[in-house]
1. Considering only residues that are outside any helix (DSSP H, G or I) and free of Cβ contacts under 8 Å to residues at least 24 places away in the same chain, look in region 289-320 and name the one that is most open to solvent (accessible area, probe 1.4 Å).
2. Filter the strands (runs of 3 or more DSSP E) completely within region 40-159 down to those with at least 2 residues that are touching a helix residue (DSSP H, G or I) at 6+ places or on another chain (Cβ under 9 Å).
3. Mind checking whether some residue in region 127-148 is within 15 Å of ligand 2 (Cβ to nearest atom) and open to solvent by 10 Å² or more (accessible area, probe 1.4 Å)?
4. Determine which member of the set VAL77, VAL111 is within 13 Å of ligand 2 (Cβ to nearest atom) and either of a type in the set (Val, Ile, Thr) or modelled with pLDDT under 95 (or both).
5. Does VAL159 fit the bill of being of a type in the set (Val, Ile, Thr), closer than 30 Å to GLY443 by Cα and either over 23 Å from the mean Cα position of the chain (by Cα) or open to solvent by 20 Å² or more (accessible area, probe 1.4 Å) (or both)?
6. Just for region 165-220: of the residues that are among the acidic types (Asp, Glu) and open to solvent by 60 Å² or more (accessible area, probe 1.4 Å), which one is farthest from the chain's Cα centre (by Cα)?
7. Based on this model, can you work out whether ALA37 counts as open to solvent by less than 60 Å² (accessible area, probe 1.4 Å) and not in a helix (DSSP H, G or I)?
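The values are calculated or read from the model by the stated rules, or taken from the named source; none is laboratory data. Remember, it's a predicted structure, so these values are computed and weren't measured experimentally. Cβ placement follows ideal geometry from the backbone for every residue including glycine, while neighbour counts extend to all protein chains displayed. For the accessible areas, the whole protein counts, side chains as well, though only heavy atoms, and no ligand, DNA or RNA atoms are used. Shrake-Rupley method; radii C 1.70, N 1.55, O 1.52, S 1.80 Å.
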Amino acid sequence: MATALGAQGLHQPRWVAWNDALAQAMGWPADWRSADAPSALDVFSGNALWPGMEPVATVYSGHQFGVWAGQLGDGRVLLLGDLQTNCGAQEIQLKGAGATPYSRRADGRAVLRSSIREFLCSEAMHGLGIPTTRALCLTASAQAVRRETMETAAVVTRVAPSFIRFGHFEHFAHSGENGHHEVLQSLLDFVIEHHLAEHRQAPNRALALLQSAVDRTADLMAAWQAVGFCHGVMNTDNMSILGLTIDYGPFGFLDGFDPQHICNHSDDRGRYAWQNQPQIGYWNLHALAQALMPLLAPSKDAEQAMVEVLKSYEQRFADAMRDRWRAKLGLSTQQPDDGKLAVDLLSLMAEQRADFTITFRRLCDYRADLAPEVPANAPLRDLFLNRPGFDAWARRYAARLAMEGGTDASAQTPRHERMRRVNPLYILRNHMAETAIRRAQAGEDSEVRRLHQLLQRPFDEQAGCELDADFPPDWAQAIEVSCSS
Ligand code: AMP
Ligand code: MG
């Protein structure tokens with residue numbers, strides 16, 4: 001399943017950014033970057049290995065943009081091995097350390113631009129409390145890499161309990177010949193034994209794995225929607241079997257709310273538009289179910305059981321999504337019309353292209369005990385040109401809050417505080433990443449590190465960071481993000 005390899009490291013590497021909080025959580029010493037012989041810089045730029053590290057690249061396949069793409073595999077990723085850490089066993093990968101047997105005709109490199117985006121967004125997602133692969137550090141070099149223009153190379157070190165994708169299962173389902181699916185079975189057993197111990201005794205491991213993937217994917221899709229995150233390339237090879245956000249490429253957070261927003265410039269049909277993501281998660285789970293099929297006894301009952309597990313996605317997602325919207329609105333009890341209240345706010349926002357993050361953050365401070373028209377409520381109300389529409393919604397909102405006795409949104413009330421824990425003040429907007437990228441490309445990496453610090457605590461107001469919480473500047477609209485990375 002994996003091929004042993006040597007890395008092709010960066011020439012004259014430098015540290016761009018590093019994650020002491022993650023190193024500390026894993027139980028590493030504070031001076032982990034000073035480790036010598038070989039140095040940490042050499043290891044995390046692909047130039048050397050510490051004892052016990054045995055780089056491999058794994059093979060997987062997948063559906064890209066809805067079409068079977070055949071064999072893909074880690075074309076520019078090396079798995080260095082797994083480590084016992086204070087947060088459980090973790091796999092460590094280098095992304096961009098050179099070609100592998102699965103590079104096809106590509107160079108095995110990652111450019112600084114996309115590596116900064118991956119480093120920052122992994123940690124931003126973690127800060128938001130959303131399951132994700134993590135980023136331990138980012139190293140770079142002046143070494144040239146050809147994309148649309150000449151760029152420079154970088155290596156992101158990623159950490160996760162597992163990087164196994166739906167596409168790994170699809171690969172071995174597809175390559176198992178004449179009903180021989182021993183490798184597929186071992187992959188299933190490996191994932192259950194190592195990562196889903198609660199299902200070890202399950203009567204049917206394939207169904208148990210699918211149920212776990214259904215539940216985690218549904219929860220992940222709801223979590224993404226609730227912060228306005230668009231992944232951009234939800235191909236089945238970019239879907240984690242553990243429900244982690246994985247493979248940060250042309251992702252984007254919504255600025256002005258447009259449910260049809262397409263963040264990936266290469267996605268001309270909008271398959272992965274923001275509002276399609278939950279449905280695409282479901283589509284991808286069908287591909288996973290198909291891949292697990294050979295492990296079920298061929299019977300109508302087994303097929304039916306598989307269908308039932310898949311179908312449970314719809315309810316799981318609907319429940320998770322409703323809970324997320326309710327929390328974003330600061331509702332602590334359940335009422336039948338809560339979903340409608342959220343959807344109607346989203347419709348108003350879409351009509352105005354109101355900024356997704358700013359609208360919800362201002363809603364935290366909305367004084368529902370006062371009329372919508374009072375000056376105290378202007379910051380939110382002024383986001384909507386359709387004042388009558390907003391006022392009508394705001395009155396329903398106030399009435400709904402009154403049902404749970406929480407109309408007062410002044411600083412100390414629980415509703416205000418609760419809402420500030422789920423409605424972030426800071427997200428990684430494209431223009432913020434772009435500014436950090438341009439500076440780093442010019443040799444100044446400090447903006448990457450500043451954003452990393454900021455995004456570790458996206459819900460807390462941080463001194464001197466007012467601009468980071470503001471509307472995007474006009475030039476942000478011209479930023480195009482594609483699969484090129
Ligand atoms: P992605 O769309 O980034 O998930 O990548 C799809 C596939 O292309 C994966 O198998 C990657 O490993 C591979 N790939 C992307 N970029 C490169 C590259 N520069 N060199 C080698 N393989 C790559
Ligand atoms: Mg990928």
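1. Only one residue tops the list, namely PRO298.
2. Result: 61-64, 67-71, 77-85, 88-95, 134-146.
3. yes
4. Step by step, each of VAL77, VAL111 is checked, and only VAL77 is within 13 Å of ligand 2 (Cβ to nearest atom) and either of a type in the set (Val, Ile, Thr) or modelled with pLDDT under 95 (or both).
5. Criteria not met by VAL159.
6. GLU177
7. Spelling it out, it is not the case that ALA37 is open to solvent by less than 60 Å² (accessible area, probe 1.4 Å) and not in a helix (DSSP H, G or I).
Results for (1) of a type in the set (Phe, Trp, Tyr); (2) in contact (Cβ under 8 Å) with a residue 24 or more places away in the chain, shown as yes or no for each residue.
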position	(1), (2)
GLY88	no, yes
THR100	no, yes
SER103	no, yes
CYS121	no, yes
PHE166	yes, yes
PHE169	yes, yes
GLY176	no, yes
SER186	no, no
